[in-house]
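In what follows, a structure is listed as structure tokens, so that the remarks can point back to it.
The values are calculated or read from the model by the stated rules, or taken from the named source; none is laboratory data. Remember, it's a predicted structure, so these values are computed and weren't measured experimentally. All Cβ positions, glycine included, derive from the backbone under ideal geometry; neighbour counts span all protein chains shown. Heavy atoms of the whole protein, side chains included, go into the accessibility calculation; ligands, DNA and RNA do not. Shrake-Rupley method; radii C 1.70, N 1.55, O 1.52, S 1.80 Å.
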Amino acid sequence: MKQKELGSLKAAFKNGDNQYLKVIYEEHGAYCVKNIQRKFNCDLADAEDLLVDSILNFRNKVLSGKIERITSVRNYIYTTCVNMKREKDYYAS
């Protein structure tokens with residue numbers, strides 16, 4: 001996703017159009033949830049919570065301008081899920 005596309009996405013988010021979030025969930029959700037469950041041996045509900053949190057994180061970072069260019073939304077969402085899970089497990093212990 002190039003800067004121009006991110007700019008359009010940022011404008012859509014600012015106008016309250018969150019349709020792209022649904023697209024991300026539908027296109028990449030199953031992949032992320034399945035791999036989070038496998039990697040961390042967690043249940044479906046925890047993996048889905050991580051997915052939703054990571055999608056919202058993506059939205060917030062686009063809105064704040066912290067993401068200037070991204071090569072793969074799927075990888076970004078999955079990596080965010082992994083990092084959130086590791087952080088959650090670290091602070092739980």
Item to check | Tilt relative to the chain, helix 3-14 - C-alpha long axis, 0 to 90 degrees, to 10 | outcome: 80 degrees
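Tally Lys and Arg at +1 and Asp and Glu at -1 over the other residues with C-beta under 13 Å from the C-beta of residue 59: what net charge comes out?
Within the 13 Å Cβ shell, the charges total +3.
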Checklist entry - How far is helix 19-40 tilted, in degrees, relative to the longest principal axis of the Cα atoms in the chain, given as a value from 0 to 90 rounded to the nearest 10? => result 20 degrees
Checklist outcome for this item: If every Lys and Arg gets +1 and every Asp and Glu gets -1 at its Cβ, then about the Cα centre the chain yields a dipole, in debye to the nearest 20, of 440 debye
Checklist entry - 222 nm [θ] for the chain, helices only, -39500 (n - 2.57) per DSSP H run of 4+, per residue, to 500? => result -27500 deg cm²/dmol
Next on the checklist: Distance cut-off 19 Å, Cα to Cα: go down the list 10/85; 10/34; 14/66; 4/61; 14/85 and report the pairs above it.
Outcome noted: 10/85; 10/34; 14/85
Checklist entry - Cβ under 9 Å from residue 37's Cβ, residue 37 left aside: what net charge do those residues give with Lys, Arg +1 and Asp, Glu -1? => result +1
Checklist entry - If the label point is 7 Å along Cα→Cβ of residue 27, which residues in segment 59-78 have backbone nitrogen under 11 Å from it? => result 72-75
Checklist outcome for this item: Per residue, accessible area of the chain with a 1.4 Å probe, heavy atoms of protein chains only, in Å², comes to 66 Å²
